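The values are calculated or read from the model by the stated rules, or taken from the named source; none is laboratory data. What you see is a predicted model, and the numbers here were worked out from it, not measured in a lab. Methodologically, a virtual Cβ is constructed for each residue, glycine included, from the backbone with ideal geometry; neighbour enumeration extends over all protein chains shown. What goes into the accessible areas is simple: the full protein's heavy atoms, side chains included, and nothing from ligands, DNA or RNA. Shrake-Rupley method; radii C 1.70, N 1.55, O 1.52, S 1.80 Å.
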Amino acid sequence: GSRDDQVGHGTHVAGTIGAVGNNGKGVVGVNQQARILPVRFLDAEGAGTTDAAIRALVYASRTGARVVNNSWGGDKYNQLVMDVMADSDALFVCAAGNEAYDNDLKAVYPANYDLDNVISVTAHDRSDEFPRFANRGEKTVDLAAPGVDITSTLPKNKYGLLSGTSMATPHVSGAATLIATARPEVTNEELRFLLMNNLEQLPEKYGSRIISGGRLNVGSALESDT
């Protein structure tokens with residue numbers, strides 16, 4: 001039906017955030033207890049309007065989402081999208097994009113909105129290298145997370161491999177919800193700080209392409225005292 005994931009992309013992202021583990025099936029999400037609110041505004045071709053994006057973001061915020069995973073993007077700045085995000089209590093974790101861009105020079109939204117509650121995520125592979133597609137930005141992309149050959153859930157009870165900054169983003173979203181569960185009073189600024197300051201450093205040639213110079217370490221971020 002019109003409510004279903006018509007592409008599989010959203011289902012894959014959701015599995016990385018919250019698939020249940022220890023059941024002998026499929027994959028394990030970063031936060032196995034995550035409560036997921038699916039919000040779809042893109043069609044079967046992956047296209048959608050800015051108006052629909054605004055309504056989706058408003059809906060997620062009003063419904064009380066603590067963390068909003070944004071594995072989507074475009075190149076058009078929109079003041080209303082930015083305002084909705086700025087006014088929200090949620091943390092917005094956003095994919096940096098897959099165009100092999102430098103986002104400092106060519107912006108990708110919503111990842112590039114300069115807000116305290118936005119985190120921009122790029123992808124690294126299992127060798128700690130940046131895949132060719134992964135957007136970077138020394139001033140605009142915050143951190144990296146696994147985004148190459150990621151196994152996760154697909155519609156119709158299937159599993160499959162996908163690559164992209166869309167796959168990296170839910171690793172960070174899942175980590176953010178774990179921290180927020182452990183520390184219910186945590187602010188967006190604190191969440192950002194914990195994620196950004198408890199990383200594994202990437203090799204210099206890659207690390208220098210992003211603000212933090214590192215990749216997600218969920219365990220360190222959760223255990224951090226500061």
- Message: How far apart, in nanometres, would the label points at Val27 and Thr63 be if each is projected 7 angstrom from Cα along the Cα-to-Cβ direction?
- Response: 2.1
- Please sort by residue number the GluC sites (Glu not before Pro) in segment 180-226 whose DSSP state is loop and whose Cβ has at most 12 other Cβ atoms within 10 Å. Glu185
- Taking θ as phi - 60°, what are the ³J(HN,Hα) couplings along segment 13-27 by the Karplus curve (6.51, -1.76, 1.60), each to the nearest whole Hz, with x for Gly and Pro? 4, 4, x, 5, 5, x, 4, 6, x, 6, 10, x, 10, x, 10
- Reachable lysines, given that their alpha-carbon falls under 27 Å from the alpha-carbon of Lys76 and they are not under 8 places away in the same chain: Lys106, Lys139
- Message: What is the distance in Å between the Cα centroid of segment 110-150 and that of segment 2-72?
- Response: 19
- Task: Could you check how much of the accessible area of segment 1-154 is carbon and sulfur, as a whole percent, using a 1.4 Å probe?
- Result: 47
- Task: Restrict the search to segment 34-98; then list the chymotrypsin sites (Phe, Trp or Tyr not before Pro) that DSSP places in a loop and that have at most 15 other Cβ atoms within 10 Å of their Cβ.
- Result: Tyr77
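Does segment 76-226 classify as rounded, prolate or oblate by the C-alpha gyration tensor (a ≥ b ≥ c root eigenvalues; a/c under 1.5 gives rounded; else a/b over b/c gives prolate, otherwise oblate)? Walk me through the numbers on the way to the answer.
Working: a/c = 1.20, a/b = 1.08, b/c = 1.11.
Judged from the Cα gyration tensor, segment 76-226 comes out rounded (a/c under 1.5).
With a probe of 1.4 Å, find how much accessible area segment 1-150 has per residue, and write the answer as a whole number in Å².
Values: 7870 Å² over 150 residues.
Each residue of segment 1-150 exposes 52 Å² on average to a 1.4 Å probe.
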- Task: Select from segment 50-130 those trypsin sites (Lys or Arg not before Pro) which occupy a DSSP coil region and have at most 11 other Cβ atoms within 10 Å, ordered by residue number.
- Result: Lys76, Arg126
